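To start, the structure itself, in structure tokens.
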Amino acid sequence: MDAKLDITVAGNRTDIEAGSIEKSNSLPGISGWAKSRFWAVETTGIQRVTDADREQNTTHVWNACTFWLSANMAVATLSTGMVGGALGLAFWDSFAIIVVVNLISCLLPAWTASFGLTGLRMTTFSRYSFGYWGNLLVVIFSMVSTTGWNAINSISGASVLYALSNGKCPQWAGVVIICTTVWIICALGITWIHRLDAVLWIPPFIVWCVAAGTGAPHFTGGGIQSPTGANGAAAALSFIAVVFSFAVSWVNCAADYNVRMPINTPQNRIFVATYIGIAVPAIIVQALGAAIYSGNFVDPTWKLAYHEAGVGGPLKLALEPAGGFGKFLLVLAALSAIPNNIPNNYSFAMHAQNFGPWALRIPRTVLVTCGFVAAIIVGTCAAEYFHDTLQTFLSIIGYWTIIHIVVVVEEHLIFRAASWKQYDFDTWDKPDMLPFGWGAIAAFCFGFVGAALGMKVTWYAGPIAGLIGSKGANIGHELTFAFSGLAFPFFRWLEKKYTGK
């Protein structure tokens with residue numbers, strides 16, 4: 001039986017109230033054509049999407065699949081798959097980790113995607129668990145993560161343009177090209193995003209299919225042997241952390257793209273569509289990335305190309321047998337960073353509007369532009385240190401995301417009895433009717449204690465992480481989960497007991 005989200009008890013704002021909020025989020029001078037069915041330029045912000053709002057420019061279940069197919073069928077996904085080889089793992093060991101970890105970790109963003117049926121974006125919905133003021137932690141870390149992902153994904157695409165042009169197109173220029181295109185699409189809003197993402201996954205899918213065929217003679221499953229013993233466990237755990245972080249990074253925004261779905265849309269259909277959209281391309285493209293990197297073990301030319309141009313180097317060599325068509329495919333591969341970055345730039349604005357009523361009055365397009373500028377600055381500065389930046393950033397963001405999902409899940413299951421009727425969604429912007437967030441703040445602090453003990457990145461190894469292997473292993477995710485998961489129920493119980501909220 002299809003599960004449906006029952007939020008009828010929450011009610012909706014009156015037309016007058018909704019209209020006043022919409023006006024406060026619109027750019028001055030926006031005319032009727034911008035809101036027409038064809039142009040459908042989004043002029044509102046994070047205010048709750050009512051049942052009446054969903055009757056126009058409605059999002060369909062299949063949009064949840066194609067949106068994530070486009071976002072994950074990207075060159076950054078390919079680069080993530082290469083990390084296993086860079087850590088010294090053989091192809092088949094990397095492949096096994098990619099499949100198993102993605103099958104499990106993609107369940108989390110697929111589940112939170114259905115939260116969009118509440119009419120609230122994920123960062124706003126988090127106020128019911130993190131509290132109105134504690135939720136500022138969600139806002140800040142979500143903005144940092146989307147900016148970082150925007151920069152890293154742009155660098156992946158820029159490295160392909162760099163390799164294609166033999167260095168004539170510097171990576172900073174590629175970052176500017178990709179970020180600017182993303183900015184234009186995100187400024188138009190959610191309807192245009194879904195229209196474009198319905199097809200944007202197809203070109204990169206063709207690229208990966210051709211690359212798999214033309215590059216296959218250089219792929220090897222036995223070019224190296226994975227380390228054994230403690231060192232092997234350390235490499236495997238570190239790669240698991242990277243793959244896991246890549247998948248769960250979408251938790252913070254998965255709901256944002258379903259707020260215009262009809263309220264009676266079955267949750268399980270959203271779950272399945274989102275899960276397919278994230279898991280399938282993640283597994284396929286990351287596995288191809290691991291295979292392409294395996295060419296570095298048997299061909300010095302491939303290894304040199306990787307060190308000179310990053311992911312774009314060996315990808316260019318893999319597509320060389322296709323001649324001029326291969327060069328065209330390289331352009332498509334680089335441009336796959338555009339749909340990959342749309343969730344980051346678009347949701348940056350939604351995150352920012354949660355700072356308070358004053359932020360809600362800033363037009364969404366202005367905040368999208370701020371995210372665009374931040375991504376260009378970070379991306380152009382980080383391009384030179386991409387490999388280390390990728391591993392470090394993926395790991396740290398993974399720690400934060402775990403705390404986010406743990407708090408939301410435990411609030412829902414333990415303190416709301418897994419019932420949507422326990423939420424009053426009309427209080428999303430009323431601080432006096434929401435918790436302060438002491439329980440979530442405590443869970444946040446304890447979670448990062450766990451992360452500090454188990455973290456293993458290029459510049460730091462925690463005391464527990466350093467005990468595994470000669471170089472240490474990343475077990476920060478496991479410790480973050482344990483520390484925050486144990487802390488939140490206790491401190492949230494205290495908060496409810498002494499504040500009543």
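Being hydroxyl-bearing (Ser, Thr, Tyr) and either modelled with pLDDT under 85 or open to solvent by 20 Å² or more (accessible area, probe 1.4 Å) (or both) is the requirement here; does THR80 meet it? Criteria not met by THR80. Among the residues of segment 253-272, none qualifies, meaning not one is in contact with a Pro (Cβ under 6 Å, 6 or more places away or on another chain) and more than 30 Å from PHE130 (Cα to Cα).
When segment 218-251 is limited to residues that are of a type in the set (Gly, Ala, Ser) and under 21 Å from the mean Cα position of the chain (by Cα), the one that is modelled with the highest pLDDT turns out to be ALA247. If I filter segment 229-279 down to residues being among the hydroxyl-bearing types (Ser, Thr, Tyr) and under 26 Å from SER94 (Cβ atoms), which single residue comes out as surrounded by the most Cβ atoms within 10 Å (Cβ to Cβ)? This residue is THR274. Just one of the listed residues (ASN135, ASN166) is open to solvent by less than 10 Å² (accessible area, probe 1.4 Å) and either in contact with a helix residue (DSSP H, G or I) (Cβ under 8 Å, 6 or more places away or on another chain) or not hydroxyl-bearing (Ser, Thr, Tyr) (or both), and it is ASN135. Residues in segment 169-184 that are within 20 Å of the chain's Cα centre (by Cα) and within 19 Å of ILE155 (Cβ to Cβ) were compared, and the one that is most open to solvent (accessible area, probe 1.4 Å) is TRP183. Which one of these does GLY215 not meet: (1) modelled with pLDDT of 90 or more; (2) under 18 Å from VAL331 (Cβ atoms); (3) open to solvent by 50 Å² or more (accessible area, probe 1.4 Å); (4) not aliphatic (A, V, I, L, M)? GLY215 satisfies every listed condition except (3).
Residue by residue, here is whether (1) in contact (Cβ under 8 Å) with a residue 12 or more places away in the chain; (2) in a helix (DSSP H, G or I); (3) hydroxyl-bearing (Ser, Thr, Tyr) holds:
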| site | (1), (2), (3) |
| --- | --- |
| THR401 | yes, yes, yes |
| VAL408 | yes, yes, no |
| ALA418 | no, no, no |
| ASP426 | yes, yes, no |
| ASP429 | yes, no, no |
| GLU478 | yes, yes, no |
| PHE483 | yes, yes, no |
| ALA487 | yes, yes, no |
| TRP493 | yes, yes, no |
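In segment 305-323 there is at least one residue that is within 18 Å of ILE206 (Cα to Cα), at pLDDT below 90, surrounded by fewer than 23 Cβ atoms within 10 Å (Cβ to Cβ) and over 18 Å from the mean Cα position of the chain (by Cα).
Conditions (1) closer than 21 Å to THR123 by Cα; (2) buried (at least 19 other Cβ atoms within 10 Å of the Cβ), marked per residue:
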position: ALA442; (1), (2): yes, yes
position: LYS456; (1), (2): no, yes
position: GLY466; (1), (2): no, no
position: GLY469; (1), (2): no, yes
position: GLY476; (1), (2): no, yes
position: THR480; (1), (2): yes, yes
position: LEU486; (1), (2): no, no
position: LEU494; (1), (2): no, no
position: GLY500; (1), (2): no, no
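With (1) within 27 Å of VAL406 (Cβ to Cβ); (2) open to solvent by 10 Å² or more (accessible area, probe 1.4 Å); (3) under 14 Å from the mean Cα position of the chain (by Cα); (4) modelled with pLDDT of 90 or more as the list, and LEU69 as the residue in question, which single condition is left unmet? Unmet for LEU69, out of (1) within 27 Å of VAL406 (Cβ to Cβ); (2) open to solvent by 10 Å² or more (accessible area, probe 1.4 Å); (3) under 14 Å from the mean Cα position of the chain (by Cα); (4) modelled with pLDDT of 90 or more: (1).
Given the conditions (1) farther than 23 Å from VAL373 by Cα; (2) open to solvent by 10 Å² or more (accessible area, probe 1.4 Å), report the number of the one that ILE140 does not fulfil. ILE140 satisfies every listed condition except (1). When ILE276, ILE338, ILE284 are checked against the criterion of being in contact with a Cys (Cβ under 8 Å, 6 or more places away or on another chain) and of a type outside the set (D, E, K, R), a single residue qualifies: ILE276. The helices (runs of 4 or more DSSP H) located wholly in segment 240-346 that include 3 or more residues which are within 25 Å of ARG127 (Cα to Cα) occupy 267-294. Here is a check on your reading of the model: is ASN102 in contact (Cβ under 8 Å) with a residue 40 or more places away in the chain and under 30 Å from ALA234 (Cβ atoms)? Answer is yes for this residue.
The values are calculated or read from the model by the stated rules, or taken from the named source; none is laboratory data. Note that the structure is a prediction, hence the values are computed from the model and not measured. Neighbour counts run over all protein chains shown; Cβ positions are idealised from the backbone, glycine included. Side chains included, ligands, DNA and RNA excluded: accessible areas come from the protein's heavy atoms. Shrake-Rupley method; radii C 1.70, N 1.55, O 1.52, S 1.80 Å.
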